[in-house]
């Protein structure tokens with residue numbers, strides 16, 4: 001092949017994405033105009049879109065790609081079937097690609113869907129041609145998943161599962177609602193197109209639109225709107241720095257139904273060993289980005305240099321108080337766990353911990369006031 005020739009087209013993918021999108025923008029509205037859709041089909045589309053999406057986020061992504069928690073085999077099967085319904089390749093292949101993405105993020109030569117190659121490429125273009133130079137079935141980076149019986153079952157029977165779910169579920173729903181064609185168009189075609197592009201937005205939009213809250217060492221962004229479309233995956237800047245955390249939206253008010261599902265399932269024994277990043281590391285990352293933002297905003301001048309020196313001193317004091325509190329709290333919790341403290345000793349250490357927390361919180365307020373002046 002000539003040096004500058006484009007890789008061969010993957011016609012299966014081109015036809016799949018083209019025909020389903022064409023049907024979604026023509027047949028779906030046409031049937032709605034000339035026949036109409038019932039509430040059953042609309043609600044079914046929303047619910048099935050959620051099932052496919054959650055199977056990708058909670059199953060393919062947070063369970064198998066990053067192993068942020070462990071799941072009961074029943075839940076794994078549910079996610080495996082939903083992943084086939086989402087039609088985004090097998091969990092084994094999806095996870096392999098995703099681990100390469102995290103290892104080589106933004107590397108145009110190694111990241112399979114690098115945002116550095118533009119929106120179109122990272123969104124869908126990377127799947128339309130044979131860009132990957134490695135063997136298609138090279139799964140050395142997911143050897144751990146080859147030992148998972150559910151993953152390998154789904155990988156082996158992926159095509160039958162795709163056909164059974166993408167044809168069977170909409171048709172069965174249509175027989176139940178009384179409108180097979182309407183159910184197939186909404187619950188089958190439209191649901192599939194939306195499921196595809198909502199997921200693809202994380203590879204494309206979530207790397208160009210939003211805030212870099214925790215790190216600027218990669219292009220990932222935090223975006224609440226994308227989190228709404230992708231069941232919590234939009235907090236992508238956090239995820240790329242803390243990829244082994246089962247949460248993406250770490251604040252109670254952040255929309256992350258995937259996190260809520262994983263946590264809820266732990267209460268009934270369907271999930272376990274949920275991994276969370278240390279809070280002090282998360283806070284420290286935020287502070288570091290706030291300091292960098294301040295440094296970037298201040299113009300070069302003698303006065304600015306004085307302000308930057310003050311900012312650096314405030315930042316170091318903030319980290320010192322942050323680490324003092326969390327290290328003391330960690331020591332208290334460990335000693336309580338192993339019953340290494342007498343009652344009065346525990347009381348003293350707890351009081352020290354509260355005092356350190358107050359000092360950190362006071363310094364945090366001062367830091368916020370200081371940085372707010374230059375926001």
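Annotations for the structure displayed:
- Meets criteria (part of a loop (DSSP other than H, G, I, E, B) and buried (at least 23 other Cβ atoms within 10 Å of the Cβ)) for residue 60: no
- Hey, residue 33 farther than 30 Å from residue 243 by Cα and either touching a strand residue (DSSP E or B) at 6+ places or on another chain (Cβ under 7 Å) or outside the structural domain of residue 239 (by TED's automatic domain parsing) (or both) or not: no
- Qualifying residue in the stretch 284-294 (condition: part of a helix (DSSP H, G or I), under 27 Å from the mean Cα position of the chain (by Cα), without any contact (Cβ under 8 Å) to a residue 40 or more places away in the chain and assigned by TED's automatic domain parsing to the domain that holds residue 58): no
- Residue satisfying all of: in the stretch 328-347; surrounded by 13 or more Cβ atoms within 10 Å (Cβ to Cβ) and part of a helix (DSSP H, G or I); farthest from the chain's Cα centre (by Cα) among these: 346
The values are calculated or read from the model by the stated rules, or taken from the named source; none is laboratory data. Not measured: the values here are computed from a predicted model. Glycine gets a Cβ as well: all are built from the backbone with ideal geometry, and neighbour counts include every protein chain shown.
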